[in-house]
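The values are calculated or read from the model by the stated rules, or taken from the named source; none is laboratory data. The structure presented is a predicted model; accordingly, all values stated were derived computationally and were not measured. Here the Cβ is made from the backbone with ideal geometry for all residues, glycine too, and neighbour counts use every protein chain on show. To get the accessible areas, we keep the full protein, side chains included, count just its heavy atoms, and leave off ligands, DNA and RNA. Shrake-Rupley method; radii C 1.70, N 1.55, O 1.52, S 1.80 Å.
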Amino acid sequence: MRDHPSVLGCRIDPLSMLAALDRVEGFIEQADPKESSHIITLNAEIAYQAYYDPALRDLINRAAMVTPDGIGIVWGARQLGIDVPGRVTGIDLMERICQRAASRGWKIYLLGAEPGIAEQAARNLQQRYPGLIIAGVHHGYFQPDEEPEIIADIIRTAPQVLFVGLGAPRQEWWIDQYKDQLQVPVCIGVGGSLDVISGHKQRAPEWAIKLNLEWLYRLATEPSRFKRQLVLPRFVGLIIKSRLRKRS
Ligand code: UDP
């Protein structure tokens, strides 16, 4: 296996958006129909969780590509001497994949979010990227006994890309559990992106994204995320420790 740079033991691929997109295309074009490439967009919260959870860390390190989703992980990577070009977020990567899918004829499947949201997201994507083929959609509030039906639908409709928006890291575990059965060339967890693409939730304004303040906007609009973001100072502490250890 190739040696990849890592942040707190989690693989990270220091790729630009365009390079990540080309990598996705490579996974699809060369796909051995039996093999699924799992793409993870990693943020500081999940990297922090994985630091204390070897199984999650192992899952991340088995992925085909891991991009830095948030400014925290970009900062952490750079502190550790990894030359990360910038953020490659789940939602941006998803939009760009859909844009390319429309021109290449790849079919996509949307799984996740509350009933009705994935359908609306699919309609909006088709409007934005004419020609985009939607293989299927399914909401993310299913019971375990409904999973075989969802899996059968994905296999039957044979998308090239499966977007899973169940929240992290549940979506990563879901993909990991089923990817061998699904045989979809590219599976990627996209968190709450379906809510945003459907218009159900607002993304931070462009200026906030540019200033790397998207996390602050989310905190202000979804105060329930406060508890989750409490790990961020601890993540910073671990990065500083890791950097000191590297130096000595
Ligand atoms: N979700 C889902 N099924 C569940 C729980 C959550 O489909 O049982 C969806 C939820 O509706 C939302 C997404 O998962 O669309 C989680 O969004 P969030 O922004 O919290 O993602 P994260 O930041 O955890 O990646």
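Each of Leu244, Tyr178, Leu132 was placed along the dipole of the chain (beta-carbon charges, centred on the mean Cα), and the one lying farthest toward the positive end is Leu244. When you restrict to C-alpha pairs under 8 Å that are six or more residues apart and normalise by the size of the stretch 1-106, the relative contact order lands at 34 percent. Ranking Tyr52, Tyr109 from most to least accessible surface, computed with a 1.4 Å probe over the protein chains only, gives Tyr52, Tyr109.
Provide the per residue accessible area, probe 1.4 Å, for the chain, rounded to a whole number of square angstrom.
Values: 12130 Å² over 248 residues.
I get 49 Å² per residue for this part.
Of the solvent-accessible surface of the chain, computed with a 1.4 Å probe and all protein chains present, 52% belongs to carbon and sulfur.
Where only DSSP H runs of four or more residues are counted, the chain gives -15500 deg cm²/dmol as its mean residue ellipticity at 222 nm, each run worth -39500 (n - 2.57). Between the C-alpha center of the stretch 58-100 and that of the stretch 193-227 there is a gap of 18 Å.
Over the Cα atoms of the stretch 77-140, the radius of gyration divided by the Kirkwood radius equals 1.13; this is the Rg/Rh ratio. For the stretch 94-248, the relative contact order is 21 percent, taking Cα pairs closer than 8 Å that sit 6 or more residues apart in sequence and dividing their mean separation by the residue count. Pairs of Cα atoms in the chain fall into 10 Å distance bins, from 0 up to the last occupied one, in shares of 7, 32, 38, 19, 4, 0 percent.
Can you say what percent of the DSSP beta bridges in the chain, counting only those with both residues inside, are antiparallel? Round to 5.
Details: 2 of 23 bridges.
In the chain, approximately 10 percent of DSSP beta bridges are antiparallel ones.
Rolling a 1.4 Å probe over the protein chains gives Tyr51 an accessible area of about 80 Å². Across the stretch 43-105, the mean sequence separation of Cα contacts (distance under 8 Å, 6 or more residues apart), normalised by length, yields a relative contact order of 28 percent. Within the chain, the longest run free of trypsin sites (Lys or Arg not before Pro) that sit in a DSSP loop with at most 15 other Cβ atoms within 10 Å is 35-248.
Restricting attention to the chain, lysine pairs at least eight places apart or on different chains and with alpha-carbon atoms under 29 angstrom apart total 10.
Charge dipole (Cα centre; +1 on Lys/Arg Cβ, -1 on Asp/Glu Cβ; no other charges) of the stretch 1-125 amounts to roughly 160 debye.
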